[in-house]
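These notes are about the structure you will find just below.
The values are calculated or read from the model by the stated rules, or taken from the named source; none is laboratory data. Model, not experiment: these values are computed from the prediction. Positions of Cβ are backbone-derived with ideal geometry, glycine not excepted, and every protein chain shown enters the neighbour counts.
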Amino acid sequence: MSEIENKIRVLVVDDDVDQLMLVERTLHAYGFEIRTHRSSLGVSNLVRTVMPDLVLLDVNIPALSGDKVLALARNQAPSTTRFILYSASDEARLRSLSLASGADGYISKSVQGESLARKLISIYKKSRLPAASAR
């Protein structure tokens, strides 16, 4: 996979430090610009100041679950920011939660490496299509 011309800015929110480091190393290796955060608290402020292209949100995070964080952070985010729920939960539950919360997508934590990078690039590219701006 070739390096991304304009680095895609991703904010990864997960309370699991090992998972956070793994995702950070993986996506950095594929040319993403990564910012990490270990708590659901403060995500709205980060989204407003960092202005990420994508926010990868752990669903099972203490204090506020990922879907609740999404609802709060979306109000602070640029209209082009896409929110993706990220979980080890079963895929049917994750899909249902994604639809109910208005997330722009979901990815299972079992998806790693190049597959994770490709999925994020796909979500990013879809958000940049002319039809996406008419939503």
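Just so you know, in the range 27-44 the residues that are in contact with a strand residue (DSSP E or B) (Cβ under 6 Å, 6 or more places away or on another chain) and either among the aliphatic types (A, V, I, L, M) or free of Cβ contacts under 8 Å to residues at least 40 places away in the same chain (or both) include one that is surrounded by the fewest Cβ atoms within 10 Å (Cβ to Cβ), and it is H28. Within the range 100-126, the residues that satisfy the criterion of being within 19 Å of I61 (Cβ to Cβ) and of a type in the set (S, T, Y) are S101, Y106, S108, S110. Check the range 80-92 and report whether any residue there is over 16 Å from K119 (Cα atoms) and in contact with a Pro (Cβ under 6 Å, 6 or more places away or on another chain). No, there is no match, as no residue in the range 80-92 is over 16 Å from K119 (Cα atoms) and in contact with a Pro (Cβ under 6 Å, 6 or more places away or on another chain).
Please specify each residue of the range 91-117 satisfying the condition of being more than 14 Å from the chain's Cα centre (by Cα) and loosely packed, with under 14 Cβ neighbours inside 10 Å. Within the range 91-117, E91, A92, R93, S96, L99, A100, S110, G113, E114, S115 qualify. For the range 11-20, the set of residues classified as touching a strand residue (DSSP E or B) at 6+ places or on another chain (Cβ under 9 Å) and either without any contact (Cβ under 8 Å) to a residue 12 or more places away in the chain or not aliphatic (A, V, I, L, M) (or both) consists of D14, D15, D16, Q19, listed by residue number. When the range 45-67 is filtered for residues that are in contact (Cβ under 8 Å) with a residue 12 or more places away in the chain and either of a type in the set (S, T, Y) or in a helix (DSSP H, G or I) (or both), the ones remaining, listed by number, are N45, L46, V47, R48, V50, S65, G66, D67.
For the range 45-67, how many residues are modelled with pLDDT of 90 or more and either hydroxyl-bearing (S, T, Y) or surrounded by 16 or more Cβ atoms within 10 Å (Cβ to Cβ) (or both)?
Qualifying residue count for the region: 11.
Check whether at least one residue in the range 68-81 is modelled with pLDDT of 90 or more, assigned to a loop (DSSP other than H, G, I, E, B), under 22 Å from I121 (Cβ atoms) and touching a Leu at 6+ places or on another chain (Cβ under 9 Å), and report yes or no. Yes: one or more hits.
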